1. Has the range 68-85 got any residue that is free of Cβ contacts under 8 Å to residues at least 40 places away in the same chain and either within 16 Å of the ligand (Cβ to nearest atom) or open to solvent by less than 30 Å² (accessible area, probe 1.4 Å) (or both)?
2. Would you check if there is a residue in the range 139-160 being among the acidic types (Asp, Glu), at negative phi and within 16 Å of the ligand (Cβ to nearest atom)?
3. Take Phe151 and tell me if it is open to solvent by 70 Å² or more (accessible area, probe 1.4 Å), of a type in the set (A, V, I, L, M, F, W, C) and outside the structural domain of Trp41 (by TED's automatic domain parsing).
4. Within the range 17-44, track down each residue that is open to solvent by 100 Å² or more (accessible area, probe 1.4 Å), assigned to a loop (DSSP other than H, G, I, E, B) and not basic (Lys, Arg).
5. Does the range 101-141 hold any residues that are out of contact with any strand residue (DSSP E or B) (no Cβ under 7 Å at 6 or more places or on another chain), under 20 Å from Glu173 (Cα atoms) and surrounded by 16 or more Cβ atoms within 10 Å (Cβ to Cβ), and which are they?
6. Identify, by number, the condition in (1) in a loop (DSSP other than H, G, I, E, B); (2) within 16 Å of the ligand (Cβ to nearest atom); (3) surrounded by 13 or more Cβ atoms within 10 Å (Cβ to Cβ) that Phe90 doesn't meet.
7. Which ones in the range 45-64 are surrounded by 14 or more Cβ atoms within 10 Å (Cβ to Cβ) and assigned to a loop (DSSP other than H, G, I, E, B)?
8. For Asp170, state whether it is open to solvent by 30 Å² or more (accessible area, probe 1.4 Å) and either assigned to a helix (DSSP H, G or I) or more than 16 Å from the ligand (Cβ to nearest atom) (or both).
Amino acid sequence: MEKFNAKLAVPARERGKLAPIRMSHVVIGTNPENYEAMVEWYLTYFEGEIAYANDDVAFIGFDEEHHRVAIAAIPGLVRPPANSTGVNHFAFTYNDLDELLATYVRLKKEGIEPYWPILHGPTTSLYYKDPDQNRVEILCDNLKGEELLEFFTSGAFDENFMGIIFDPDDWIEQRKNGVSAEELTSRDKLPEGKTAWDMFRD
Ligand SMILES: [Fe+2]
């Protein structure tokens, strides 16, 4: 694909267009036998509450939206092969690194651990898999506005579009020892001889 110069996207409404005001929700279909496990997992993952549920569908809320995630039990569904095309993951944002790391600790105590902790650069991201192996990311933004633009125009993403894998437990220790969030989230170069794809986990 033709390479575009990085820019800050202007919200469509500020460009005089009629676009949605926000993303509303994600509905995940599951086999009825996994329904309860899936609902429990998402309630735990998001510190959510059930807005409405019956034996077939559960609406889960945890922010200003009436429901942000719903689980639908649909008889006869089968899990797609791991190498399927389609939605790869969906992602949810915390205010800052400390909120993200506190959530990591909370979830770890519940036996829920990320399969891929990655400092993308613009974001710090923790990727998890639900009981059906759908991928869900939680993140915090590290760079905003002009800083973000500077990051993209610096060529850092051309060299490594993936990021650098990090150890959340190590970062928690470093934060306790007074290392700033800015220091932890400023991205190192790829280790010698590694490519961006070496930083990928699936
Ligand atoms: Fe993502």
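1. Checked the range 68-85: no residue is free of Cβ contacts under 8 Å to residues at least 40 places away in the same chain and either within 16 Å of the ligand (Cβ to nearest atom) or open to solvent by less than 30 Å² (accessible area, probe 1.4 Å) (or both).
2. Looking for residues that are among the acidic types (Asp, Glu), at negative phi and within 16 Å of the ligand (Cβ to nearest atom), one finds at least one in the range 139-160, hence yes.
3. It is false that Phe151 is open to solvent by 70 Å² or more (accessible area, probe 1.4 Å), of a type in the set (A, V, I, L, M, F, W, C) and outside the structural domain of Trp41 (by TED's automatic domain parsing).
4. Residues of the range 17-44 open to solvent by 100 Å² or more (accessible area, probe 1.4 Å): 17-18, 20-23, 33, 36, 40.
Now narrow it down to the ones that are assigned to a loop (DSSP other than H, G, I, E, B): 17-18, 20-23.
Answer for the range 17-44, where residues must be open to solvent by 100 Å² or more (accessible area, probe 1.4 Å), assigned to a loop (DSSP other than H, G, I, E, B) and not basic (Lys, Arg): Leu18, Pro20, Ile21, Met23.
5. Leu101, Leu107
6. (1)
7. Listed by number, the residues that qualify are Gly48, Phe62.
8. Considered against the rule, which asks whether it is open to solvent by 30 Å² or more (accessible area, probe 1.4 Å) and either assigned to a helix (DSSP H, G or I) or more than 16 Å from the ligand (Cβ to nearest atom) (or both), Asp170 comes out as yes.
The values are calculated or read from the model by the stated rules, or taken from the named source; none is laboratory data. Given the structure is predicted, the values throughout are model-derived calculations rather than measurements. Neighbour counts are summed over all protein chains in view; Cβ atoms, including those assigned to glycine, are modelled from backbone coordinates with ideal geometry. SASA here: full protein model, heavy atoms, side chains in, ligands and nucleic acids out. Shrake-Rupley method; radii C 1.70, N 1.55, O 1.52, S 1.80 Å.
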